[in-house]
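> Got a structure for you, questions after.
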Amino acid sequence: MHSSSRCMRQIAFCLCLTASFALQAQAPHAIPAKSALENRDELKFVVIVSRHGVRSPTAKPGQLDQYSAQPWPTWSVPPGYLTEHGARLMTLVGAFDREQLAAQGLLAPSGCADAGYIKIVADSDQRTRETGKALAAGLAPGCAIAVSALPEGTADPLFHPLAAGIGHADKLLATAAVSGRIGANPQGLTEAYRPQLEALEVLLRNCITGTPCPVSAKQAPQSIFAIPSSIGPGNADHLVELHSPLAVASTMAENLLLEYAEGMDAGNVGWGHLDVDKLRELLQLHTANEDIAQRTAYIARVQSSNLLLHTLQSIEQAAGGHPVIGALTRPADRLLILAGHDTNIANIGGALGLSWIVDGRRDDTPPGGALVFELWKNRVSGEFSVRVFYVAQTLDQMRNASPLSLQSPPERVPVFVPGCSQADSSCEWEAFRQAIRAATLPPIVQ
């Protein structure tokens, strides 16, 4: 009898252990990872630093035709303007943000009651102002959230501190910083990215990538490989003048992305010879150039210090619940959106040492992509922490204007902050403050 009871207890133990392992295996799918965090912590405040939506190329029509066998496509809006499709995409992003923040308990699922606690600040360009309006329309339809922006053509010190006359930067030091990253040899950039440059050259000749270009194929007036390479101190608000085939190719790759994301007919995307896989390959040219030009540490700190400091002050105010000088919001506000540019995001990434991969692309800053800073408060201890994410629609989500939801979200990945992130990717509040302060240059703030 004793032996039988012991056997039954052993069987029961084994069954319980097996069930426990089975539940652990199912847990990541049955319970979203955020649930444990939300049970422990409460989301108090969010800052979204966003790039504007899909725009037309900033270069004037025909400016790049010297490098292509056929003219580049024409656009329905002036150079650098947010398109109708781009505005629609940002409205979809705003609607997703509302659903995400409602699921996290920061905002109500719908209605205008929270509209007064949302602040949107945009750069003065048409594309950023209209991006802010589109985000507001998605976040709170019909609630008339105002978008704060300086007049068109005015340099905003948040987004363009040097052009706005904030502080003084050492252009010789900036040039040395870039030169040190490229072996003091700008021509070396061409060799480092020759395979991608050659693939772009084939496309510019209107040939099918991956097959020999026929002798009869029309030549472009000028090869991108004929572009001379040089580096030197910049003029006006440009810290460094870095000329190379990579720099021009970066603009072209960005324009190809815009054609694809705009939803242009396939025949107008890369002259009919570009698919999404080849686009991802060519976008390496853009991210490589942005890495050198915008993420080099000294340049990144100079150009992001003012934006980072005001972001920190806004988060400090939300944590303390009392006014903080320099904050862009009120103490009771819950959401701050800063509608700027890819350069702003790249600068922050370079200053803080951030990196991410979305949609198969490393450190890319596509239209509508955003860095998200979340302030959480522990329900038991009352301590604050910060989590950082990068969010972006996939190339096909942009092209197809796919509706976004928690079931069909954009890509959202956690970002590790080298100066403060812990094993769970969260930053303790004081460590986060110190990391931001260490990344800023006091002379370049207002």
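The values are calculated or read from the model by the stated rules, or taken from the named source; none is laboratory data. Computed from a prediction, not measured in an experiment: that's the story for all the values here. Glycine also receives a Cβ, built like all others from the backbone with ideal geometry; neighbour counts cover every protein chain displayed. The accessibility values were calculated without ligands, DNA or RNA, using every heavy atom of the protein model including side chains. Shrake-Rupley method; radii C 1.70, N 1.55, O 1.52, S 1.80 Å.
> Sort largest first and round to whole Å: the equivalent ellipsoid semi-axes of the range 286-413, each the square root of five times a Cα gyration tensor eigenvalue.
Value: 27, 21, 13 Å, ordered largest first.
> Same structure, new question: Mind jotting down a quarter of the surface of the convex hull over the alpha carbons of the range 325-394, in square nanometres, one decimal?
Quarter of the Cα hull surface area: 6.4 nm².
> Right, here's the next one. Using a 1.4 Å probe on the protein heavy atoms only, what accessible surface does residue 241 show? Give it in Å² to the nearest 10.
50
> Then there is this: Put +1 on the Cβ of every Lys and Arg and -1 on every Asp and Glu Cβ in the chain; which of 431, 137, 154 then has its Cα farthest towards the positive end of the dipole?
Farthest towards the positive end: 431.
> Where does the chain land at 222 nm, in deg cm²/dmol rounded to the nearest 500, when only DSSP H runs of n ≥ 4 count, each adding -39500 (n - 2.57), divided by all residues?
-13500 deg cm²/dmol
> Let me confirm the definition first: pairs of Lys residues in the chain, 8 or more apart or on different chains, C-alpha distance under 29 Å. How many are there?
13
> If I model a spin label at residue 70 and residue 168 as a point 7 Å from the Cα along the Cα→Cβ vector, what separation in nanometres do I get?
Output for this residue pair reads 5.3 nm.
> Let me ask something additional. For labels at residue 238 and residue 406 in the simple 7 Å Cα→Cβ model, what's the distance in nm?
About 4.8 nm, to one decimal.
> Okay, next question. Leaving ligands, DNA and RNA out of it, rank 264, 90 by accessible area with a 1.4 Å probe, largest first.
264, 90
> Tell me, what is the per residue accessible area of the chain in Å², probe radius 1.4 Å?
Spelled out: the 1.4 Å probe surface of the chain, per residue, equals 44 Å².
> What percentages make up the Cα-Cα pair-distance distribution of the range 313-353 when the bins are 10 Å wide from 0?
29, 35, 34, 2
> I'd like the per residue volume of the convex hull spanned by the Cα atoms of the range 64-189, given in cubic angstrom. Kindly include the intermediate steps, with their values, before the conclusion.
Numbers: hull volume 26.1 nm³, N = 126.
That works out to 207 Å³ per residue.
> Moving on. Compute the Cα gyration tensor for the range 348-435, then decide on rounded, prolate or oblate, letting a ≥ b ≥ c be the square roots of its eigenvalues: rounded whenever a/c is under 1.5, prolate when a/b is larger than b/c in the other cases, and oblate in all that remain.
oblate
> Normalise the Cα radius of gyration of the range 157-306 by 2.2 N^0.38 Å (N = residues in it) and let me know the number.
So the range 157-306 has a normalised radius of gyration of 1.18.
> In Å and on Cα atoms, what radius of gyration and Dmax does the chain show?
24.6, 96
> At a 1.4 Å probe radius, which order do 399, 98 fall into by accessible area, largest first?
399, 98
> Please work out how much length the chain gains when fully extended from residue 152 to residue 378, using 0.36 nm per residue of separation minus the C-alpha to C-alpha distance, in nm with one decimal.
Gain in length upon complete extension: 77.1 nm.
> What's the carbon and sulfur percent of the chain's accessible surface, probe 1.4 angstrom, rounded to a whole number?
56
> How do 160, 310 stack up against each other in accessible area, from largest to smallest, with a 1.4 angstrom probe? Mind dumping the intermediate values first?
On the way: 160 60, 310 20 Å².
So, going from the largest accessible area down, we get 160, 310.
> So for the chain: antiparallel DSSP bridges make up what percent, rounded to the nearest 5?
Rounded to the nearest five, the antiparallel share is 70 percent.
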